[in-house]
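Here's the structure, in structure tokens; my notes come after.
The values are calculated or read from the model by the stated rules, or taken from the named source; none is laboratory data. Nothing here was measured: the structure is a model prediction, and the numbers come from that model. No Cβ is skipped: glycine too gets one built from the backbone with ideal geometry, and neighbour counts run over all protein chains shown. To get the accessible areas, we keep the full protein, side chains included, count just its heavy atoms, and leave off ligands, DNA and RNA. Shrake-Rupley method; radii C 1.70, N 1.55, O 1.52, S 1.80 Å.
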Amino acid sequence: SDHMENIYGYLMKYTNLVTGWQYRFFVLNNDAGLLEYFVNEQSRHLKPRGTLQLAGAVISPSDEDSHTFTVNAASGEQYKLRATDAKERQHWVSRLQICTQHHTEAIGKNNPPLKSRSFSLASQGSANSPGLQRRPSQNAVSFFNVGHHRLPSGKRVPIMQPDHLVDVREMMSQAEGQQRDLIRSIECLPASGHLTSLDQDLLMLKATSMATMNCLNDCFHILQLQHASQQKGSLPAGTAISWLEPKISLANHFKNGAAQNFPAEVNKPASVREEQSIAEPCQLTREPEEINPDEELEDICDDKEDDLGAVEEQRSVILHLLSQLKLGMDLTRVVLPTFILEKRSLLEMYADFMSHPDLFIAITNGTTPEERMIRFVEYYLTSFHEGRKGAIAKKPYNPIIGETFHCSWRMPKSDVATDASSNFSARSSSEQVTLSKDTEGQTELDYYTVKFVAEQVSHHPPVSGFYAECVERKMCVNAHVWTKSKFLGMSIGVTMIGEGLLSLLEHGEEYTFSLPCAYARSILTVPWVELGGKVNINCVKTGYSASINFHTKPFYGGKLHRVTGEVKQNMTNTVVCRVQGEWNSVLEFTYSNGETKYVDLTKLSVTRKRVRPLEKQGPFESRRLWQHVTESLRDGDIDKATEHKRALEEQQRNEERLRAETETPWCTKYFLKDGDGWVYHKPLWKTVSTVQTQQTDTN
């Protein structure tokens with residue numbers, strides 16, 4: 001009760017109307033369960049400028065800094081607040097959470113169920129309020145009517161046998177079917193009238209029923225792990241472990257030790273009915289494959305995402321999905337509908353950022369450290385435009401753990417700039433395609449080759465590693481990216497956590513860089529992508545650095561896709577280059593000598609990547625792995641695409657559970673853990689240093 005006193009004081013509140021922070025006087029009314037604010041303390045006796053109901057709210061300290069926190073009301077309204085210091089933030093957050101919990105529990109205890117409505121769902125027991133009511137008897141066991149007698153105290157609870165788990169699994173399957181029927185009944189309601197599919201109570205019922213089934217599935221998973229750990233010591237060596245639910249399998253993906261085959265499920269897509277086995281602890285036992293660039297052919301795929309397609313037709317599904325999400329919710333484990341997917345994997349999207357290999361290779365041709373840093377910034381800013389396939393915001397496939405993608409580019413040496421004045425080619429895209437085809441008949445000395453490999457090294461959290469190198473120019477780039485997505489109301493934000501390292505071995509220079517955040521805006525109308533945040537590029541050896549800001553559009557006015565930046569020499573704090581413009585349109589570079597250069601990204605030449613045909617790719621290379629999903633999306637068959645996608649995701653979940661039960665670590669193929677990051681197993685800086693050492697020893 002001591003923590004339930006009313007508190008008040010000044011906090012800074014962020015508002016989109018004036019695009020900034022303003023001091024406001026806040027009052028926490030514990031008796032009413034309200035957070036109110038006024039212009040100042042003197043106006044406290046007047047009507048509040050704003051009020052939030054705290055029952056059902058979520059209070060979240062921000063990870064931006066130690067002062068900021070958000071209050072997300074059940075109504076969807078959000079206050080973004082900032083205290084003067086970390087101590088004051090903790091004081092407000094603690095009191096708000098206590099008040100929120102008190103009033104949320106009070107609703108569950110005091111509010112009677114809603115009156116039954118006269119429609120078909122009432123007979124299924126769905127007419128009761130989907131609020132926070134819970135009786136002590138309403139636990140998972142009584143819900144599924146699994147009868148276990150309570151043992152006298154002091155007696156050991158018998159170990160649950162596998163057949164009991166099978167019974168529970170069957171009951172849960174029945175409940176999942178009923179839940180799907182409930183959702184289908186709600187979604188079949190008319191879009192207008194007395195009772196619609198967007199009724200607030202029905203949306204809440206959909207969300208809570210889905211959350212309940214997810215919780216029960218998590219509980220069942222815990223029971224499986226508990227049973228496996230209890231039985232682990234008693235199993236003789238070599239005994240096969242049988243799964244308690246249907247499994248599908250994929251080709252030799254997990255064959256790191258003795259093979260123990262599982263039966264494939266006959267009703268799954270043929271593309272995923274192959275053998276699997278249990279992995280043994282290892283460091284890099286899945287042997288890396290050396291890809292021969294001569295086997296790769298120029299890519300002919302051109303899957304632009306310039307139309308809404310099924311997104312427009314599936315608006316109700318998007319609304320259903322939104323009804324399950326809360327502001328700030330981590331979307332890493334949320335399964336998104338198939339129709340919003342791009343026809344490529346995230347690993348291939350990283351490769352598409354390398355679509356200007358001429359600019360990439362030209363970096364090392366800079367004659368001074370200043371020129372090389374400026375060239376890197378120019379290349380960096382031109383890479384994002386081609387990484388997006390069209391103007392519509394769609395999501396690439398989430399790579400499954402162990403998935404890889406390989407490709408390369410061939411760039412005629414005559415097309416790579418050797419001096420600053422020719423840093424950008426004036427060729428059009430059509431001319432570039434012709435030139436790249438001509439390279440087929442050229443000798444090795446006529447072109448440079450840039451090789452690329454990417455691998456999904458972790459599933460939770462989702463981390464990708466990618467590496468590219470040009471051996472002839474002794475340069476390579478290594479990066480790891482953790483994609484962390486959050487629900488932001490009518491948009492989705494994706495933070496690209498990680499770091500990249502560009503190595504110019506001819507100059508002994510290393511450039512570290514980060515990636516901006518990405519946002520999918522207007523997800524209920526015509527979704528579009530914008531980038532936001534500040535990124536830094538640094539070269540410790542030369543003392544040059546770059547600071548680049550990707551500006552998100554203000555609430556009122558302002559331009560889309562705006563970017564600004566500057567390159568400076570840290571020792572003298574001298575700015576040697578400034579850049580401004582739009583990252584998907586025109587960029588303006590202004591140099592210290594007064595010269596200005598404009599780059600129109602829409603006219604900049606694009607080199608097509610070279611990829612091996614599907615029949616020569618391994619089963620876990622991106623295009624072969626997702627080929628059935630991609631083909632179904634191209635044909636407009638969303639149901640079939642969903643079936644193939646679900647098969648892959650189910651396989652990944654099953655294998656993850658199996659590794660958890662057997663305490664078997666995942667073994668990567670091309671990348672090795674290095675501190676908090678991931679490094680390619682055979683980077684160019686290692687092979688070049690080895691060759692130089694051997695030459696020195698010979699001399």
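Would you mind working out the accessible area per residue for the stretch 580-699, using a 1.4 Å probe, and quoting it in Å²? Spelled out: the 1.4 Å probe surface of the stretch 580-699, per residue, equals 51 Å². 3J(HN,Hα) along the stretch 67-78: 10, 9, 8, 10, 10, 9, 6, 4, 6, x, 6, 10 Hz, from the Karplus curve 6.51 cos²θ - 1.76 cosθ + 1.60 with θ = phi - 60°, whole Hz, x for Gly and Pro.
At a probe radius of 1.4 angstrom, the accessible area of the stretch 7-110 per residue rounds to 53 square angstrom. Amide H to amide H distances under 5 Å link residue 345 with 397, where only residues 5 or more positions off or on other chains count and H is placed in the peptide plane. In a simple Cβ point-charge model (Lys, Arg +1; Asp, Glu -1; nothing else charged), the stretch 7-110 has a dipole of about 240 debye relative to its Cα centre. Rounded to the nearest whole Hz, the Karplus-based 3J(HN,Hα) values (6.51 cos²θ - 1.76 cosθ + 1.60, θ = phi - 60°) of the stretch 400-406 follow the sequence 7, 4, x, 5, 10, 9, 10, with x at glycine and proline. Summary of packing: across the peptides 638-649, 80-91, 459-470, the per-residue average of other C-beta atoms within 10 Å ranks them, highest first, as 459-470, 638-649, 80-91. For the stretch 369-384, backbone phi angles converted through the Karplus equation (6.51, -1.76, 1.60; θ = phi - 60°) give residue-by-residue couplings of x, 4, 5, 5, 5, 5, 5, 5, 4, 4, 5, 4, 6, 8, 7, 6 Hz, Gly and Pro being listed as x. Neighbours of residue 405, meaning other residues whose beta-carbon lies under 13 angstrom from its beta-carbon, give a summed charge of 0 when Lys and Arg score +1 and Asp and Glu score -1.
What number comes out for the charge environment of residue 538, summing +1 per Lys or Arg and -1 per Asp or Glu over other residues with Cβ under 12 Å away?
Working: positive: 541, 568; negative: 499, 509, 510.
Its environment carries a net charge of -1.
In this structure the amide hydrogen of residue 407, modeled in the peptide plane, comes within under 5 Å of the amide hydrogens of 452, none closer than 5 places in sequence on its chain.
Considering only the other residues whose Cβ falls under 15 Å of the Cβ of residue 512, what net charge follows from Lys and Arg at +1 and Asp and Glu at -1? Working shown, then result.
Details: positive: 372, 534, 541; negative: 499, 509, 510, 674, 676.
My count for the surroundings of residue 512 gives -2.
Once you have the Cα-Cα distance between residue 107 and residue 634, take 0.36 nm times their residue separation minus that, and quote the gain in nm to one decimal. Walk me through the intermediate numbers first.
Details: separation 527, 0.36 × 527 = 189.72 nm, distance 4.88 nm.
Answer, rounded to one decimal: 184.8 nm.
Database remark: amide H of residue 585 closer than 5 angstrom to the amide H of 601 (H placed geometrically; neighbours at sequence offset of 5 or more, or on other chains; Pro and chain starts carry no H). The accessible surface of the stretch 7-110, taken with every protein chain in place and a 1.4 Å probe, is 48 percent carbon and sulfur. Let's test the formula: R0 of 35 Å, r as the Cβ-Cβ distance of residue 597 and residue 21. What FRET efficiency results, to the nearest 0.05? The calculated FRET efficiency here is 0.40. Computed from the C-alpha gyration tensor, the three semi-axes of the ellipsoid equivalent to the stretch 7-110 are 21, 17, 13 Å, from longest to shortest.
When the P(r) of the stretch 453-507 is calculated, the portion above 16 Å amounts to 55% of the C-alpha pairs. Of the accessible area of the stretch 563-644, computed with a 1.4 Å probe over protein heavy atoms only, carbon and sulfur atoms account for 45 percent. Annotation: extensible slack from residue 77 through residue 616 equals 188.8 nm (criterion: 0.36 nm per residue apart, minus Cα-Cα distance). Annotation: extensible slack from residue 98 through residue 292 equals 63.6 nm (criterion: 0.36 nm per residue apart, minus Cα-Cα distance).
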